[in-house]
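For reference, the structure is listed below as structure tokens.
Values in this text are rule-based calculations from the coordinates and carry no lab data. Just so it is clear, the model here is predicted, and its values are computed rather than measured. We place every Cβ from the backbone using ideal geometry, glycine too, and count neighbours over all the protein chains shown.
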Amino acid sequence: MERERTFPSETSEDNTEISGIFRQAKTMQLPKPDEESVQMDTSDLDIAKVREFLSQRTSEPESGEELKTQEQRKIDRAFEKASRSVWEILEQLRPEIEAGEFETIIGDDASGRLTSLIIYRALSEIYHEKGLKEPDIKFFAGSRLLGPIKSYFKSNRIAKATANITGKALVVSELLVSGSGLIPLLRGLKKSGIEATVVATMGPKGADLEGYQLITPSHEGSSAAFAHSYAWHGVEKDHNNLYANRSTLAEPQLMRYSRDKANETAKILAEKFMSDIE
């Protein structure tokens, strides 16, 4: 028969000793620490450096709203960068703008969309103040990756789409490397007999694009502020199509914020432009 296992009873010597230890522990009082001895020495702590470290943490934001706030700060910086380039372009075009020559703004989608909106709204403000008819705006998708045959057919489609344009057009792009992405557009304008000037916030200075003049900022460090900012402007180009498509990366809240910033930036530039006239 298997022997039943037993544990020490309350009367066993072992249990009596353990109970005594517990009773002694219950009545034991530990001395309180000296408050001065546990005070943190902050004499060598640089609070400014701690704040700087915390502000530069790379941890993921805790909520979508915090992410939007970070993106809005990026948008603010991009528009600040773009405003300097756009101002230099407006200054170089001052005689034509003051005369109200540009009746249509043509935006080069996709990265040129926000720059186009700034210029379009700035000219609208200026023309309104001068009692001139405000310009129209159109957007066409860039065509950098097209071969000769597709480029030819696209230029024909652009010619038909721009046939009703009167007066001079201002073609607005952002980053131009060789200008090849604008060739179908410019050839289409030429087929329609439309006079135009091309501007870009960054590009080869003095380039001749199908006989059209290219205006770029003169200051060093000019750059493309809105390259690959699909969430902000909300579109991406299909080189084969006449118009850009809605981007899958579009963020409606950021798009509204960007358009508000375009309005705000344009108003500031227009006021500066008009104040220099006075």
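The HN-Hα couplings worked out from phi for the range 158-168 by the Karplus form 6.51 cos²θ - 1.76 cosθ + 1.60 (θ = phi - 60°) are 5, 4, 5, 6, 10, 4, 8, 6, 10, x, 8 Hz, whole numbers, x standing for Gly and Pro.
Between residue 74 and residue 133, the C-beta separation translates, for a Förster distance of 41 Å, into a calculated FRET efficiency of about 0.70. Shown in residue order for the range 145-150 are the 3J(HN,Hα) couplings computed by the Karplus curve 6.51 cos²θ - 1.76 cosθ + 1.60 at θ = phi - 60°: 9, 7, x, x, 5, 5 Hz (x for Gly and Pro). Proximity of backbone amide H atoms, modeled 1.01 Å from N, is registered between residue 136 and 104, 105 at under 5 Å, excluding neighbours fewer than 5 places apart on the same chain. Checking the Cα-Cα distances for 205/237; 74/130; 160/272; 138/205; 138/267 against a 28 Å cut-off, the pairs over it are 74/130; 160/272. For residue 138, the shell of other residues with beta-carbons less than 12 Å away shows a net charge of -3, using +1 for Lys and Arg and -1 for Asp and Glu. Listed by Cβ neighbour count within 10 Å, with the fewest neighbours leading, 232, 87 appear as 87, 232. In sequence order, the range 103-112 has phi-based couplings of 8, 9, 9, 10, x, 8, 6, 9, 5, x Hz under the Karplus curve 6.51 cos²θ - 1.76 cosθ + 1.60, θ = phi - 60°, and Gly or Pro positions carry x. The Kirkwood radius of the range 114-256, taken over pairs of alpha-carbon atoms, gives through the Stokes-Einstein law at 4 °C and 1.567 mPa s a diffusion coefficient of 80 µm² s⁻¹.
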